[in-house]
1. For the structure I just gave you, tell me whether A25 is touching a Lys or Arg at 6+ places or on another chain (Cβ under 8 Å) and surrounded by 19 or more Cβ atoms within 10 Å (Cβ to Cβ).
2. Identify the single condition in (1) of a type outside the set (G, A, S); (2) in contact with a Ser or Thr (Cβ under 9 Å, 6 or more places away or on another chain); (3) part of a loop (DSSP other than H, G, I, E, B) that Q10 does not satisfy, given that it satisfies every other one.
3. Is it the case, given these coordinates, that M16 is in a helix (DSSP H, G or I), of a type outside the set (S, T, Y) and loosely packed, with under 13 Cβ neighbours inside 10 Å?
4. Got a number for residues in region 1-39 being at pLDDT 85 or above and in contact with an Asp or Glu (Cβ under 6 Å, 6 or more places away or on another chain)?
5. Looking at region 42-63, I want the residues that are within 13 Å of N91 (Cβ to Cβ) and have a partner that is at pLDDT below 85 and outside any helix (DSSP H, G or I) with Cβ atoms under 6 Å, at least 6 apart or on another chain. Which pairs are those?
6. What residue, among those in region 70-82 that are crowded, with 17+ Cβ neighbours inside 10 Å and farther than 16 Å from V14 by Cβ, is modelled with the lowest pLDDT?
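The values are calculated or read from the model by the stated rules, or taken from the named source; none is laboratory data. Note that this is a predicted model, so its numbers are computed, not measured. As a convention, Cβ positions derive from the backbone with ideal geometry for all residues, glycine included, and neighbour counts pool all protein chains shown.
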Amino acid sequence: MGGSPTLDDQFARVRMQRLIGAVMANRGDPAGLENLRPAIFSLEQVSRTAPSSPLVLQELATDYRFLGVLLDGLGDYQAAAERYQKALSTNLLGVTPHC
């Protein structure tokens with residue numbers, strides 16, 4: 001007990017923040033956006049220690065994509081497009097070629 005959180009713990013927290021953000025956004029609360037930012041920050045930190053982990057990259061791409069959806073819904077199309085591009089780039093990093 002007490003040590004650093006495991007990767008599974010970090011993913012559980014990120015998923016919870018994403019879910020809370022989604023519920024808030026679906027209710028029209030723009031604060032849903034602010035719930036996603038700590039999740040993305042946490043995943044970016046994890047990705048620095050595990051830069052080639054497909055699971056980390058997939059979770060990060062999911063959050064970038066979700067942030068893009070929220071920004072799009074708020075009418076911030078430029079920021080949304082940037083997040084969609086970041087999601088796509090992150091997804092491509094996690095792709096393993098099948099040769």
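1. Considered against the rule, which asks whether it is touching a Lys or Arg at 6+ places or on another chain (Cβ under 8 Å) and surrounded by 19 or more Cβ atoms within 10 Å (Cβ to Cβ), A25 comes out as no.
2. (3)
3. yes
4. Selection size over region 1-39: 0.
5. Every condition considered, the pairs that remain are P54/G94; V56/A50; L57/G94; Q58/G94.
6. L71
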